[in-house]
1. From S273, S197, grab the single residue that is closer than 18 Å to G356 by Cα and surrounded by 18 or more Cβ atoms within 10 Å (Cβ to Cβ).
2. Across the range 293-319, what is the number of residues that are part of a loop (DSSP other than H, G, I, E, B) and either over 14 Å from Q165 (Cβ atoms) or touching a Leu at 6+ places or on another chain (Cβ under 8 Å) (or both)?
3. From the list P363, P307, pick out the single residue that is modelled with pLDDT under 90 and in the same structural domain as Q182 (by TED's automatic domain parsing).
4. Which of the residues belonging to the range 190-209 are touching a strand residue (DSSP E or B) at 6+ places or on another chain (Cβ under 8 Å) and either assigned to a helix (DSSP H, G or I) or charged (D, E, K, R) (or both)?
5. Consider E233 carefully, then state whether it is surrounded by fewer than 19 Cβ atoms within 10 Å (Cβ to Cβ) and on the phi < 0 side of the Ramachandran plot.
6. Residues of the range 220-246 being of a type in the set (A, V, I, L, M) and under 26 Å from T320 (Cα atoms), which ones?
7. Test each condition in (1) in contact (Cβ under 8 Å) with a residue 40 or more places away in the chain; (2) out of contact with any Cys (no Cβ under 7 Å at 6 or more places or on another chain) for F49 and report the one that comes out false.
8. Go over the candidates P327, P379, P337 one by one and state the one that is surrounded by fewer than 19 Cβ atoms within 10 Å (Cβ to Cβ), more than 19 Å from A256 (Cα to Cα), touching a Lys or Arg at 6+ places or on another chain (Cβ under 9 Å) and of a type outside the set (A, V, I, L, M).
Amino acid sequence: MGSLSRWVVFLTVFLCIYGAFHLYVLVKVRRSLYLEGWSYILLFVVLVFLMIAPLQARFLYHQGYDVAGLITSWIAYLWMGYLFIFTCIGAPIDLYHLALGGVQNLFDADLTQLMLSRRQNFIISALLAGCLCVYGAFSTYHVNVETVTIHSTKIPPGRPLCVVQISDLHLGPMFIPGRMNQILAEIRTAQPDILVSTGDLIDGPMLGKPLTAQVLNALPTPMGKFAVTGNHESYMGEAEAEAFTRAAGFKLLHNAAVTVENLITIAGEDDPSFGPVENSTKAHWSAAVQKDRFTLLLKHIPDVAAPDQAPFDLQLSGHTHQGQIFPFSLLVGMVYPMNAGLYALSDGRRLYVSRGTGTWGPPFRILAPPEITVIHLVPTATTKQP
């Protein structure tokens, strides 16, 4: 399937699903507030605008209207987050009332005392959604530091390594440059030997992009910074995304591996959105792997290849955001069973999946806080296993 066909399919699916959410709000608001005539038409027009606002924002950016695109992006994605939360609250209440109505009809019973009025239902759903959006925004701006210790006989005695992972930062119109302050401070505090980005570093036009690249580049990492592509780099445009990543001081690993100071091999695979990774390509970076040297694989999506195709010791991934906004995390868990945290694989390899450092779209996180991951690679010979 060509890129144009994929975009047509994506837009069709997106508009159908997102349109259904807006139809739900249209019906709920009209029935709750008894809208008719021009007030109903105005509501319909506003909802149509909000439904296509994410597409309008992208169009405005492509036409060079950066300020209009920035404003439209914030309107679009604040509304998207609110709409999702509102629907997740309102729909169960509606189903509850539907079930009670069925019981009333079946048993000819009066259960109205157990029901809310349509207006009460709408107001409660709207207020709760607003409160959760505030909580989600607060959670987004407070990045957790997750510390992981990996013991291995492949780490030379007396030479532990510290690797800091950022993932899914999604630098773009919804990212305020001031948010970088805590992220940068936590990275400096960890004093990493190596800084890695496991994809979706940049997601679109943003305020202060050159300065952001400069401060990332200035972070002290004695053994270097390494990155792989995510799916959003391909949406933004490979050339522009790669230029920013390099300006930020990262070496992009395009289905390749490098050995750092003869201590560790770092391999990276491009996201499939840049084209499928063939087995021959994997074998190419695998040729750089030595059995007695620790191999770290950077791969955006948390799927794991067979040992003969990906002979790593630890794979670092992201992509899932752990759902970002509950209860979407339940769906993500069905698609990616290994969607957050450290996993010991049956063949002795390990996978760590970051919840992500930033947010995609709505600037909210609910029960899926953002993280920076500090990974200590420790020689087994000098450290007692827990």
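The values are calculated or read from the model by the stated rules, or taken from the named source; none is laboratory data. The model shown is predicted, which means the values in this text are computed figures rather than measured ones. Because the Cβ atoms are built from the backbone with ideal geometry, glycine has one as well, and the counts that use them run over all protein chains shown.
1. When all the criteria are applied, what remains is S197.
2. So the count comes out to 14.
3. Values: P363 fails: modelled with pLDDT under 90.
After ruling out the rest, the residue left standing is P307.
4. A190, D193, D203, K209
5. no
6. A227, V228, M236, A239, A241, A243
7. Condition (1) is where F49 drops out.
8. Details: P327 fails: touching a Lys or Arg at 6+ places or on another chain (Cβ under 9 Å); P337 fails: touching a Lys or Arg at 6+ places or on another chain (Cβ under 9 Å).
None of the others qualify; the one that does is P379.
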